[in-house]
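Working notes for the structure below.
The values are calculated or read from the model by the stated rules, or taken from the named source; none is laboratory data. This one's a predicted model, so the numbers in the text were calculated from it and none came from an experiment. Counting neighbours? That spans all protein chains shown, and the Cβs are built from the backbone with ideal geometry, glycine included.
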Amino acid sequence: MSSRRLVIKGAGAIVAAAAQLAGCSWMRQSPYEPPRVNVPNALRWDWPQTDAGAPDIRLPALASVLEAAASVPALRALLVVRDGRLVGERYFHGATADDLQPLNSVTKSVASMLIGQALARGALPGLSATIGQLLPEDVKRVSGSDAAAKVTLAQILSGHAGLQYDWLAQFDELESTRDLVAMALRLPVAADPSAWSYNDPIISLISPMLERAEGLGFAEIAERDLFAPLGIESYSWRRDPLGRTMSHVGLALRPRDLMKVVWTMASAGAWRGQVVVPAEWVIQSTRSFGAASWRVAPVSDIGYGYLWFTGLLHGRRVVWGWGYGGQFALWVPSLRLAVVTAAESPPGDQVSIQTAAIMGLVAELVSTAR
């Protein structure tokens, strides 16, 4: 997405922005198609909640933001964790805590975590490995893949693959193509190969790369290495026409479970005292490798790590996964605070205002921390 530039400041402005969305007929809850999958051996655990006297959150301000959030028609969930405790949780417009909410492109950030785990145990040869090395059979079968074959894993993760893809012009092709691998491998060299770009087809190659390296389906890898250790008991995940789980989009989780993913990253890769993602990968994947072209106020200095966005919010460093329409999985390291949102996906002409409204809420929630 080329830009998201609306500035939303304060609960009143959020309500005003929501009013522009409220009359849209597309705003409705729709069923999520992939079946719910139960995770075997998931460690059951629930979030501890804070007491009313917690000194590190201004509770009246928090309550005010949560009340204002109800005016955003597409919003489905809003959660806040501070120091490992759930201090705010609200569901909207018929959504419940048990619903699986689509993450959209936050799926990419989950894929980054799986890459870090695979690198640590030697399942992948390294970040300098090329597509030609990681998917040699596919490169051989797909004509016109010479440019893509030279792209490294690091370039895929950092948004510097250097291949041309226009998310708006080619969205229908992305959704309808039978062979995502072939689509990705046939992408031409971009006009400016050094520029950051958001390239869904190239990121979709992570799934077949890990499947080939591990001899296991992408979703099954996620179950084993991430969902079971974090106590994520169920999920759903879209598959492409060939039956492969997608790595660029398609995962759905309960918001409380997405918060477990975020809090693991915020805790240097550890979950309840156990290392789940290597700390070195958390550091490496969440540092900016250059400016991103996407914008969402009031965040500034937006950069991109390995499938995680970075920036400054109220002068504090933030890291987040960013899904279409305002799906955010964000944490503020200096505050030990994390926010998760879930929302319905809007049409393209409404995405900027919806994204800005929801990030405005996130910014207000961050401001409630002392």
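Taking residues in segment 67-81 that are farther than 8 Å from V340 by Cβ and charged (D, E, K, R), and partners anywhere that are at pLDDT 95 or above and part of a strand (DSSP E or B), the pairs with Cβ atoms closer than 7 Å and at least 6 places apart or on different chains are R76/Y91; R76/Q101; R76/A342; R76/A343. Just one of the listed residues (L168, L187) is among the aliphatic types (A, V, I, L, M), touching a Leu at 6+ places or on another chain (Cβ under 8 Å) and not in a helix (DSSP H, G or I), namely L187. Restrict the check to segment 212-219 and report whether at least one residue is at pLDDT below 95, under 27 Å from W294 (Cβ atoms) and assigned to a helix (DSSP H, G or I). No: zero hits. Can you work out which of the residues in segment 155-171 that are within 18 Å of the chain's Cα centre (by Cα) and among the small types (G, A, S) is nearest to D349 (Cα to Cα)? Ranking the qualifying residues of segment 155-171, first place goes to G159. The residues of segment 220-267 that are in a helix (DSSP H, G or I) and basic (K, R), listed by number, are R224, R256, K260. Within segment 55-69, the residues that satisfy the criterion of being surrounded by fewer than 23 Cβ atoms within 10 Å (Cβ to Cβ) and either in contact with a helix residue (DSSP H, G or I) (Cβ under 9 Å, 6 or more places away or on another chain) or in a strand (DSSP E or B) (or both) are D56, I57, R58, A61, L62, S64, L66, E67, A68.
Taking W294, is it buried (at least 23 other Cβ atoms within 10 Å of the Cβ), within 18 Å of the chain's Cα centre (by Cα) and not polar (S, T, N, Q)? No. Out of I302, I283, which single residue is surrounded by fewer than 17 Cβ atoms within 10 Å (Cβ to Cβ) and either at negative phi or under 17 Å from the mean Cα position of the chain (by Cα) (or both)? Exactly one residue qualifies, and that residue is I283. Can you find even one residue in segment 247-266 that is over 17 Å from the mean Cα position of the chain (by Cα) and under 28 Å from M183 (Cβ atoms)? Within segment 247-266 (the criterion being over 17 Å from the mean Cα position of the chain (by Cα) and under 28 Å from M183 (Cβ atoms)), the answer is no, since none of the residues qualifies. In the set (1) touching a strand residue (DSSP E or B) at 6+ places or on another chain (Cβ under 9 Å); (2) within 25 Å of V282 (Cβ to Cβ); (3) buried (at least 20 other Cβ atoms within 10 Å of the Cβ); (4) not aromatic (F, W, Y), L100 fails one condition alone, (2).
Examine segment 213-224 for a residue that is closer than 18 Å to I131 by Cα, buried (at least 16 other Cβ atoms within 10 Å of the Cβ), without any contact (Cβ under 8 Å) to a residue 60 or more places away in the chain and of a type in the set (A, V, I, L, M), and state whether such a residue exists. No, because not a single residue in segment 213-224 is closer than 18 Å to I131 by Cα, buried (at least 16 other Cβ atoms within 10 Å of the Cβ), without any contact (Cβ under 8 Å) to a residue 60 or more places away in the chain and of a type in the set (A, V, I, L, M). The residue that is surrounded by the fewest Cβ atoms within 10 Å (Cβ to Cβ), among those in segment 319-351 that are more than 17 Å from the chain's Cα centre (by Cα) and closer than 23 Å to Y198 by Cβ, is D349. Among the candidates L187, L168, L210, L163, the residue that is aliphatic (A, V, I, L, M), buried (at least 20 other Cβ atoms within 10 Å of the Cβ) and in contact (Cβ under 8 Å) with a residue 60 or more places away in the chain is uniquely L210.
The helices (runs of 4 or more DSSP H) found wholly in segment 90-148 and carrying at least 1 residues that are touching a Gly at 6+ places or on another chain (Cβ under 8 Å) occupy 106-120, 136-141. If I filter segment 190-207 down to residues being part of a loop (DSSP other than H, G, I, E, B) and surrounded by 16 or more Cβ atoms within 10 Å (Cβ to Cβ), which single residue comes out as farthest from the chain's Cα centre (by Cα)? Among residues in segment 190-207 that are part of a loop (DSSP other than H, G, I, E, B) and surrounded by 16 or more Cβ atoms within 10 Å (Cβ to Cβ), the one farthest from the chain's Cα centre (by Cα) is A190. Looking at this structure, is S234 in contact (Cβ under 8 Å) with a residue 24 or more places away in the chain, surrounded by fewer than 18 Cβ atoms within 10 Å (Cβ to Cβ) and within 16 Å of W320 (Cα to Cα)? No.
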